[in-house]
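Worksheet for the structure shown next.
The values are calculated or read from the model by the stated rules, or taken from the named source; none is laboratory data. Every value quoted in this text rests on a predicted model; they were computed, and no experiment measured them. Cβ sites come from the backbone with ideal geometry, for glycine too, and all protein chains shown count toward neighbours.
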Amino acid sequence: MSDSHNPKPDEFAWLEDLCDPRTRRFLEDENTRVERFLAGHVGLYRAVISELMALRSVFTESPAMPIGNYLYYDRTDSPDGWPVFCRRRVGTLEEEVLVDVGELASERGSLHAMVGSIKPNDDHSKIALSIDLTGHERYTVLVRDLENGRFLEEIPDVYADFEWSPDGKGLYLLGLSESGRPERLLFRPLGPQGVGHQTLLVEPNEHYALTLARSRSRAYLFVTSVGAEDTEVHYLELDRPNRPVQLFYQRRERLRYWLEHCRDRFAVLTNLDRTDLRVMFAPCEPTPPEGWIEALSPAEGVVSGMDAFASHLVIYGHENGCGRIWVHDLAQGETWPIPAPEAGVPEGLGVFSPAENGDYHARWFRFEFSSLVTPEGLWEVDLETRSVRLVHRHSIPGYDSGNYCAERVWAETDDGSAIPISLVYRHGCAAGTVRPLYLYVYGAYGAVTSPSFSPFRLPLLDRGVAFAIGHIRGGGERGQAWHDGGRRLNKRNAALDVIACAQHLIREGYACPDSLVLAGVSAGGAAVGAALNARPDLFRAVVARVPFVDVVGGMLDETSALSALETAEWGDPDAPDELAYMFSYSPYQNLKPGRYPAILAVGAMNDTRVPYWMPAKWVARIRSYRTGRNRLLLKTHLDTGHLGAGNLIDELEDAALEWAFVLACVGRDTHGDIAEKATTQACP
């Protein structure tokens, strides 16, 4: 986006024009640099990709989810890694393939196929899925008759969310604006009568986007209009579909609320008269806040979501970045936390997260539990007796959790804020011995980066590279105030927190600048880029995947739906003081001549959230400014979007490139035995 507000000319504005032959040539030349890097480190890359492929079996098949008389699951054991969605009847082993995503992609000549949602209708005779075949996040919904295998409908240019009507004869969909904003609630009858859409609701305000969800009781459809700081919910009674969509309560400045159906009431998740969220109850009819009744608010932790069952209400939350789950007994009015199901997990580092739960009347509730050293397990808790049992755990080939250690440390900023840092490393790399360290940050949208387990980190950990998560401001790890402290006119705090985390890890002997790698993805790229500009001397290397490094250009881009939706996060470019603040930290605008660490940036040609030209212009300007010969690589995926290609093989290849780059930069580019990999060294 060429910026007329900036007195400094943008010498790389031409990279925004795909019709300019220089643009394609630039991207191809940069991809060639990446290929040359891999060719020069072919042994390392092959070793890492081999280790990652060996872990592929961990994700070969997902745990089956019971819905009605069927068990639904997906597997990724095909050679190309595309998901295959399947089911089998309860009590049988005979598999029925519902949708082979690889076949769909091949039939349509696409290298990209991202599934947004897949759902059977209520009598399980049909399946519908939303799929993005370009990376532009404009989905097509396909409907398949499971009795004869034929595809009945193909509904293009809608959002990923959809819901079935109770009779299975129609779909509720979200129509998109020209810029890609979900703005219309549609009903599409299926079959011969399915000519065109019926528009049930329109959200005209470009600062709001619609989301769609059917209540677990299956009785209501909730359509939530989500703005940056407030929401508004409409609902439809599905047993009375001819009634118009009803507004529960009109939007009000800074009031956020969401609904779920809970017996004869609505459960209301809201920040009414609070900074953070709590759960209240209200009648199943349009009701102002004066009619909402306090239900519960856990004494510790921050509430972030809820789920309603016939006899219990389940509340999701977190505490300093670690997920928590509470259960509220609707009959007794008692609330209790689900206890950690495994011993030996360091205090404060166990992560609860909700799993797929299909049955509204189920007595058992499914959840997942892991830590930085504990592989994810699928658990069930009996909502009546509170007993817990393990349903499934992925087996990690050769993994022994006793070889690894997890810690929580705290970095203090100049303004006195305490930033949580979650750490994991292989034993033999204790505090006081310096090892390479990979520091990941995000810090945006109030999102929580949980310290959960990932087998894909093992190629780093087993070579003696520690892994850390900096839970910086702008995220939601410590509640709404934590988010507020790192957004809009406080956005610079996110970068200052990154620097504080790096300095603390160096000061306490966990890392040193010669082997500290900073990494971020998407919105996290703003904090990474701003920290890099301020203190390039702290880092040996930087990894920025689809990074939002041109905040000014992104917010001035009138073709993007996100620019209007996200002013509360980044600022309003039409307000002179806020635009000036964006200029003060936006990574691209604040680059300057000097020495930069090694950098790997990754972009995607069809990305509608972070356009390909953001990382491209950022790398081009760094290349023109930098002194020294540190590696500077840009990988642009020419056929995918922000969320990747949609298959496991491509995901593993991307991870192998990143890990090979990191290991080469920190001098761990050998691939001998574990003892050799995990040695430590003194800090120069």
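Just a few scattered comments:
- Every listed requirement among (1) of a type in the set (Val, Ile, Thr); (2) more than 30 Å from residue 638 (Cβ to Cβ); (3) more than 24 Å from the chain's Cα centre (by Cα) is met by residue 211 save one, (3).
- Test: residue in region 228-235 that is touching a residue at least 12 places away in the same chain (Cβ under 8 Å), over 28 Å from the mean Cα position of the chain (by Cα) and surrounded by 18 or more Cβ atoms within 10 Å (Cβ to Cβ): no
- Matching residues, region 296-332, being more than 14 Å from residue 261 (Cα to Cα), more than 22 Å from the chain's Cα centre (by Cα) and not in a loop (DSSP other than H, G, I, E, B): 296, 326, 327, 328, 329
- Among the residues of region 397-431, those identified as hydroxyl-bearing (Ser, Thr, Tyr) and either closer than 27 Å to residue 476 by Cα or part of a strand (DSSP E or B) (or both) are 404, 413, 417, 422, 425.
- Among the residues making up region 348-370, those that are surrounded by fewer than 17 Cβ atoms within 10 Å (Cβ to Cβ), in a loop (DSSP other than H, G, I, E, B) and either assigned by TED's automatic domain parsing to the domain that holds residue 68 or under 25 Å from the mean Cα position of the chain (by Cα) (or both) are 348, 356, 358.
- Every pair of residues 6+ apart whose Cβ atoms lie under 6 Å, when the first sits in region 347-358 and is more than 15 Å from residue 71 (Cα to Cα) while the second is among the acidic types (Asp, Glu) and assigned to a strand (DSSP E or B): 353/368
- Residue tally, condition touching a Lys or Arg at 6+ places or on another chain (Cβ under 8 Å) and not in a strand (DSSP E or B), over region 265-288: 3
Rundown of residues vs (1) closer than 14 Å to residue 85 by Cβ; (2) among the acidic types (Asp, Glu); (3) assigned by TED's automatic domain parsing to the domain that holds residue 203, yes/no style:
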site: 105; (1), (2), (3): yes, no, yes
site: 126; (1), (2), (3): yes, no, yes
site: 147; (1), (2), (3): no, yes, yes
site: 163; (1), (2), (3): no, yes, yes
site: 174; (1), (2), (3): no, no, yes
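- Within region 1-17, the residues that satisfy the criterion of being hydrophobic (A, V, I, L, M, F, W, C) and either modelled with pLDDT of 95 or more or assigned by TED's automatic domain parsing to the domain that holds residue 625 (or both) are 12, 13, 14, 15.
- Of everything in region 53-80 that is in contact with a strand residue (DSSP E or B) (Cβ under 9 Å, 6 or more places away or on another chain) and of a type in the set (S, T, N, Q), the residue that is nearest to residue 651 (Cα to Cα) is 76.
- Residues satisfying the criterion are present in region 469-478 (criterion: part of a strand (DSSP E or B), basic (Lys, Arg) and either buried (at least 23 other Cβ atoms within 10 Å of the Cβ) or in contact (Cβ under 8 Å) with a residue 24 or more places away in the chain (or both)).
- Among residues that are closer than 26 Å to residue 469 by Cβ, among the charged types (D, E, K, R) and not assigned by TED's automatic domain parsing to the domain that holds residue 419, residue 263 is not included.
- Selection of region 360-386 for residues being farther than 22 Å from residue 346 by Cα and either polar (S, T, N, Q) or in contact with a Pro (Cβ under 7 Å, 6 or more places away or on another chain) (or both) yields only 385.
- Of the residues in region 46-67, none is modelled with pLDDT of 95 or more and aromatic (Phe, Trp, Tyr).
- Within the span defined as region 328-344, every residue fails to be closer than 20 Å to residue 213 by Cα and surrounded by fewer than 21 Cβ atoms within 10 Å (Cβ to Cβ).
- Checked against (1) small (Gly, Ala, Ser); (2) touching a residue at least 40 places away in the same chain (Cβ under 8 Å); (3) touching a Gly at 6+ places or on another chain (Cβ under 9 Å), residue 310 passes all but condition (3).
- Taken over region 447-468, the criterion of being assigned to a helix (DSSP H, G or I) and touching a strand residue (DSSP E or B) at 6+ places or on another chain (Cβ under 7 Å) is satisfied by 457, 460, 461.
For every residue, the table says whether it meets (1) within 23 Å of the chain's Cα centre (by Cα); (2) of a type in the set (Lys, Arg); (3) not in a helix (DSSP H, G or I).
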| residue | (1), (2), (3) |
| --- | --- |
| 614 | yes, no, no |
| 617 | no, yes, no |
| 622 | no, no, no |
| 629 | no, yes, yes |
| 635 | yes, yes, yes |
| 652 | yes, no, no |
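- Considering only residues in region 376-396 that are aliphatic (A, V, I, L, M) and not in a strand (DSSP E or B), the one that is modelled with the lowest pLDDT turns out to be 396.
- Residue among 106, 130 that alone is surrounded by fewer than 19 Cβ atoms within 10 Å (Cβ to Cβ), among the polar types (S, T, N, Q) and within 27 Å of residue 638 (Cβ to Cβ): 106
- Enumerated helices (runs of 4 or more DSSP H) restricted to region 495-608, each holding at least 2 residues that are among the small types (Gly, Ala, Ser), at pLDDT 95 or above and more than 24 Å from the chain's Cα centre (by Cα): 576-585
- Listed by first and then second residue, the pairs with beta-carbon distance under 6 Å, at least 6 apart or on different chains, first residue in region 189-202 and within 20 Å of residue 166 (Cβ to Cβ) and modelled with pLDDT of 90 or more, second of a type in the set (Phe, Trp, Tyr) and surrounded by 11 or more Cβ atoms within 10 Å (Cβ to Cβ), are 198/187; 200/187.
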